[in-house]
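Okay, handing you the structure first.
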Amino acid sequence: MTNIIEIQSNLKTIYNLEVTSDSVLSKILELFYIRNVEKFIAEKYSEAFFRCPVHFSIGQEAVAVGVCSNLSSQDKVVSTHRCHAHFLAKGGDLSAMFAEMMGKPSGCTKGRGGSMHLFDVGQGFYGSVPIVGSSLPIATGVSFAQKYMGENGITVSFIGDAVFETGQFHESLNFISTFNIPILIVMENNRYSTYTPIEARQPENMNLEKIITGIGIDYIKTSGDDLFEVDKVTRNLISEVRSGKPFFVEFDTYRRLEHCGPNLDDELGYRSIIEIDSYSKRDPINVVKSSFAHQNDTTEAIKIFEKYLPVYISLIYEDVKQLKNSHPLISEHDCFQSL
């Protein structure tokens, strides 16, 4: 049972709130679930039970939910260092993620990988990798294997805007186009590579659309802040990919916290106050609340989500912490097994 199915069942039992799968409300629930997980990790990080660097997706969750809600169990996902939202949206288990971040053998990569190396083959999550650009060639290989083996599923590769500055990005696009591989490339453009804005990293007249379409891959760009816009756009694109052609979608989004870590970094000055203030209007949570402000049933459901989800997440966290005796930190010997 995935966490979302368990949450839906609990909401029905405790609050008599029915959230059916694939409904509008289920997508909102997943968005709030992932945001609450990320907030919880940020709040608990100083307790030092999470024993690895963390890259939060707060502000970018609508892309993960909107894309993954259109995927089947046969579809596969490969992600980046900022992978929590993708892992959870594809059905990854929160207990296994927490255990992984605590360095426990019950983690999804047996405590060896931490936050940036999540993995769940059963849910079609074929890993996340911290090296910028590395997810795309891996996803390209996974998708090529699907096509070669005659499988029905497709592959989604999540990438960031800094991937354009790596060689494997262009090599992968060439391979994808040459062999017409059915892959959906999802670029989450949050404009920053660590602390460097895109304007300082790429040529002023650089045109990503011309580069992508010039190599023979269809391209579209849209906002990544509106969950249901992402959902709608992705649904159409995935239909195209399932017909046997690659597609590249660029979502404009925003990373609210520091590049790596649980804190705000507004005092560093690389992002203006005007920019930060404008983001609050675009925040996916605020967009959803605003969109459904006049629908009482949905508004009341959101209030229940905000009340229940922190409790649910906290219980899982405490359960994983209690595994210390039966599942201690991974031993020095076991660290080097299965590599």
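The values are calculated or read from the model by the stated rules, or taken from the named source; none is laboratory data. Computed from a predicted model, the values in this text were never measured in an experiment. When we count neighbours, we look across all protein chains shown, and the Cβ atoms used for this are built from the backbone with ideal geometry, even at glycine.
Among the residues of the range 230-258, which ones are among the small types (Gly, Ala, Ser) and either assigned to a helix (DSSP H, G or I) or under 28 Å from SER278 (Cβ atoms) (or both)? Walk me through how you get there before you give the answer.
Going through the range 230-258, the residues among the small types (Gly, Ala, Ser) turn out to be 239, 243-244.
Answer for the range 230-258, where residues must be among the small types (Gly, Ala, Ser) and either assigned to a helix (DSSP H, G or I) or under 28 Å from SER278 (Cβ atoms) (or both): just SER239.
With the condition kept exactly as written, say whether any residue in the range 270-287 is part of a loop (DSSP other than H, G, I, E, B) and farther than 28 Å from SER46 by Cα.
Checked the range 270-287: no residue is part of a loop (DSSP other than H, G, I, E, B) and farther than 28 Å from SER46 by Cα.
Something else: When the residues of the range 193-219 are narrowed to those that are of a type in the set (Gly, Ala, Ser) and within 26 Å of PHE179 (Cβ to Cβ), which ends up surrounded by the most Cβ atoms within 10 Å (Cβ to Cβ)? Before the answer, list the steps.
Step one: of the range 193-219, the residues of a type in the set (Gly, Ala, Ser) are 193, 200, 214, 216.
Now restrict to residues that are within 26 Å of PHE179 (Cβ to Cβ): 214, 216.
Working: GLY214: 12, GLY216: 14.
So, considering only residues that are of a type in the set (Gly, Ala, Ser) and within 26 Å of PHE179 (Cβ to Cβ), the one surrounded by the most Cβ atoms within 10 Å (Cβ to Cβ) is GLY216.
Further, regarding this structure: Where the second residue is among the basic types (Lys, Arg) and surrounded by 12 or more Cβ atoms within 10 Å (Cβ to Cβ) and the first is in contact (Cβ under 8 Å) with a residue 24 or more places away in the chain and within 21 Å of THR299 (Cβ to Cβ) and lies in the range 2-23, which pairs have Cβ atoms under 9 Å and are six or more apart or on separate chains?
Listed pairs, sorted by first residue: VAL19/LYS12.
Out of the residues in the range 289-330 that are at pLDDT 70 or above and of a type in the set (Gly, Ala, Ser), which is nearest to the chain's Cα centre (by Cα)? Reasoning before the result, please.
Applying the first criterion (at pLDDT 70 or above) to the range 289-330 yields 289-323.
In the following step, the residues that additionally are of a type in the set (Gly, Ala, Ser) were identified as 290-291, 293, 301, 314.
Values: SER290: 23, SER291: 23, ALA293: 26, ALA301: 24, SER314: 21 Å.
Of everything passing the filter in the range 289-330, SER314 is nearest to the chain's Cα centre (by Cα).
Looking only at residues in the range 286-304 that are among the polar types (S, T, N, Q) and under 17 Å from GLU61 (Cβ atoms), which one is surrounded by the fewest Cβ atoms within 10 Å (Cβ to Cβ)?
Step one: filter the range 286-304 for residues among the polar types (S, T, N, Q), giving 286, 290-291, 295-296, 298-299.
Those left that are additionally under 17 Å from GLU61 (Cβ atoms): 286, 290-291.
Working: ASN286: 13, SER290: 11, SER291: 14.
The extreme case among them is SER290.
Sort out which residues of the range 1-55 are under 17 Å from LEU315 (Cα atoms), surrounded by fewer than 20 Cβ atoms within 10 Å (Cβ to Cβ) and charged (D, E, K, R), and write them in order of number.
GLU6, LYS39, GLU43, LYS44, GLU47
Cβ-Cβ distance below 7 Å, separation of 6 or more or different chains: which pairs start in the range 314-327 with a residue that is over 9 Å from MET102 (Cβ atoms) and of a type in the set (D, E, K, R) and end on one that is in a helix (DSSP H, G or I) and modelled with pLDDT of 90 or more?
Partner pairs satisfying both residue conditions: ASP319/SER95.
Let me ask something else about it. For a quick check of your reading: which strands (runs of 3 or more DSSP E) sit entirely within the range 62-161 and have at least 3 residues that are surrounded by 21 or more Cβ atoms within 10 Å (Cβ to Cβ) and free of Cβ contacts under 8 Å to residues at least 60 places away in the same chain? Step through it out loud before you land on a result.
Numbers: elements: 76-79, 125-128, 155-160.
Those strands (runs of 3 or more DSSP E) span 125-128.
Same structure again: Of all the residues that make up the range 171-192, how many are surrounded by fewer than 16 Cβ atoms within 10 Å (Cβ to Cβ), in contact with a helix residue (DSSP H, G or I) (Cβ under 9 Å, 6 or more places away or on another chain) and of a type outside the set (A, V, I, L, M, F, W, C)?
Qualifying residue count, the range 171-192: 2.
Among residues belonging to the range 24-38 that are among the charged types (D, E, K, R) and without any contact (Cβ under 8 Å) to a residue 60 or more places away in the chain, point out the one that is nearest to ALA301 (Cα to Cα). Working first, answer last.
Taking the range 24-38 as the starting set, the residues that turn out to be among the charged types (D, E, K, R) are 27, 30, 35, 38.
Filter again for without any contact (Cβ under 8 Å) to a residue 60 or more places away in the chain, leaving 30, 38.
Numbers: GLU30: 13, GLU38: 20 Å.
Looking at the filtered set, the residue picked out is GLU30.
Regarding THR155, is this residue within 24 Å of the chain's Cα centre (by Cα), among the hydroxyl-bearing types (Ser, Thr, Tyr) and on the phi > 0 side of the Ramachandran plot?
Numbers: within 24 Å of the chain's Cα centre (by Cα): yes; among the hydroxyl-bearing types (Ser, Thr, Tyr): yes; on the phi > 0 side of the Ramachandran plot: no.
No: the conditions fail for THR155.
Picking from LEU268, LEU237, which residue would you name as being touching a Phe, Trp or Tyr at 6+ places or on another chain (Cβ under 6 Å) and not charged (D, E, K, R)? Give the derivation first.
Working: LEU268 fails: touching a Phe, Trp or Tyr at 6+ places or on another chain (Cβ under 6 Å).
None of the others qualify; the one that does is LEU237.
In the range 207-229, what residues are in contact with a Phe, Trp or Tyr (Cβ under 6 Å, 6 or more places away or on another chain) and not in a strand (DSSP E or B)? So that I can check it myself, show each step before the final result.
Initially, the range 207-229 is screened for residues in contact with a Phe, Trp or Tyr (Cβ under 6 Å, 6 or more places away or on another chain), giving 209, 212-213, 217-219, 224.
Listed by number, the residues that qualify are GLU209, ILE212, THR213, ILE217, GLY224.
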